[in-house]
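Only one structure is covered here, and it is reproduced in the block below.
Read the figures in this text as sums done on the coordinates, not as results from a lab. Everything numeric in this text was worked out from a predicted model, so none of it was measured. In this analysis, Cβ positions are derived from the backbone assuming ideal geometry, glycine residues included, and neighbour counts consider all displayed protein chains.
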Amino acid sequence: MVRSFVAASALFALGFVAPHSVAQEAPQPDVLQVEGIVAIVNDEPITFTDVRQRARMLLLTLGGTQPTQEQIQQLTTEALDQLIDEKLQLQEASEYDVEISDAEIADSISSMAQQSGLTREALVSSLLSSGINPTSLEAQSRAEIAWRRIMSGLYGSRIRISDGQITEQLRRLKAAATKEQYQLSEIFLYAPTPEDKTQALAAATSIKEQLINGAPFEVAAQRFSSAPTAATGGSMGWVPLEDLDPLLANAVTSTPWPGLTEPVTVDNGIYVVAVISKREPAEQTSLVDLVRIAVNDGSEAELKAATEQITGCDNINTVIEGNDNLRASELSDVNVENLGPEGKTMVMNTEIDQATDIFAQAGTLAVMYVCNRKDNVDNLPSRDQVENRLYNEQLGMVAQRSLRNLRREATIIRR
């Protein structure tokens, strides 16, 4: 069975959800019309209500156009798999007496909301308006926090990233900079058996259709991908072709960018790769410090009024202080290549201490103030960034293996 695992807390990007009408009008599988128990995980039940709520949340997460009945059925299957994994994670947490407080859940949901420029209250209100009980999101957050804590506690101190590993990784990155590179993001569906591959291929095809119809790749990766990169929205960074599986490399080179590859079957699963950009060897880049200001209710007039009062980055907080409808987020050392073609052009054409044009973002409106820019910078991460990435990759692989072991040892009855 195809299933997803997110090593770190998944970000529910509410700003990219489908319109309310899609959530209300999309047909539901007939099986969900009957209340009762759909699965039992080590004597703990999962109800049809649980599955229906999670499937709706996945549908909202993907967004795009109204899905087909087949796509909804696949989302329903994915919802059940996620709920089974969460049951196992919480059961494991009880074995280690791990308790997650309501305050931690609230903070997690607030962080999700902030990623979309929303308040926690606005996010909860949007869930309710789409027929989703917020307890479904709370339950998911509880399982993710508990699992992360268990994995960090059991294995975090055992993972050692040496200076030699960091230096070697930087050496490889610097060597790669002398070659043609592609900026890629991945969704990987783990499928070790032929039967799993058949189901994974159908799921990958459905996910690609949703992506073409407007679903955000980052959110789809967080929800469905089994790769360690899922926690960062599937981002692989800049990759030379020689670092890829030959089948993936062939798919990447044959895909016009920006674009999506066809599903690629490898030994242990299926890939869908987003080919974002391509660069020639030794290309340098620019790093920028930004402040993003978003208006919660989408009022263009209020956002314009604020920009008229702001004289530069130094007085942004002074102008918006006390205005709950405006939210500022600071972004430091952002690689302009990671902003996408439109975002890069917009930021590079904006003077220091000035605002970009107003743009649509996460279901509302926003502007970016460019506070600093460093041009002609070698496009290499810092040692700390390399260390964090290596650590997270290793911890993510351990967590995936541990969850698969729990599934294999558990008594799971599907009805």
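Side notes on the structure shown:
- Cα-based Kirkwood hydrodynamic radius, segment 135-244, one decimal, Å: 16.9
- Links that overshoot a 23 Å alpha carbon limit, given the list Lys304/Lys374; Lys278/Lys344; Lys174/Lys278; Lys208/Lys344; Lys87/Lys208: Lys304/Lys374; Lys208/Lys344; Lys87/Lys208
- If the segment from Glu351 to Asn325 were pulled out straight at 0.36 nm per residue, it would be longer than the present Cα-Cα gap by 6.8 nm.
- Cα-centred dipole magnitude for segment 285-377, charges only on beta-carbon of K, R (+1) and D, E (-1), debye, nearest 20: 180
- What you get for segment 176-282, charging only the Cβ of Lys and Arg (+1) and of Asp and Glu (-1), is a dipole of about 240 debye around the Cα centre.
- With the simple model of a label 7 Å out from the Cα in the direction of the Cβ, Ser332 to Asp107 spans 2.0 nm.
- Comparing mean-square fluctuations of Arg120, Arg142, Arg158 from a GNM of the chain with C-alpha springs under 10 Å, the top value falls on Arg158.
- Ordering Ala305, Ser126, Thr68 by the projection of their Cα atoms onto the charge dipole of the chain, which places +1 on the Cβ of Lys and Arg and -1 on the Cβ of Asp and Glu, puts Thr68 at the extreme positive end.
- Coil-residue trypsin sites (Lys or Arg not before Pro) of segment 168-209, DSSP, other Cβ within 10 Å capped at 16: Lys179
- Highest-fluctuation residue, Ala39, Ala399, Ala220 considered, GNM on the chain with Cα pairs under 10 Å: Ala39
- Cα shape, the chain, gyration tensor, a/c 1.5 rule: oblate
- Order of Tyr369, Tyr96 under a 10 Å beta carbon neighbour criterion, fewest first: Tyr96, Tyr369
- If only the Cβ of Lys and Arg carry +1 and only the Cβ of Asp and Glu carry -1, the dipole of the chain around its Cα centre is close to 900 debye.
- A crude spin-label estimate for the pair Leu380 and Lys174, with each label 7 Å from Cα along the Cβ direction, gives 0.4 nm.
- With the highest mean first, a sort of the peptides 317-324, 199-206, 273-280 on other beta-carbon atoms found within 10 angstrom per residue produces 199-206, 273-280, 317-324.
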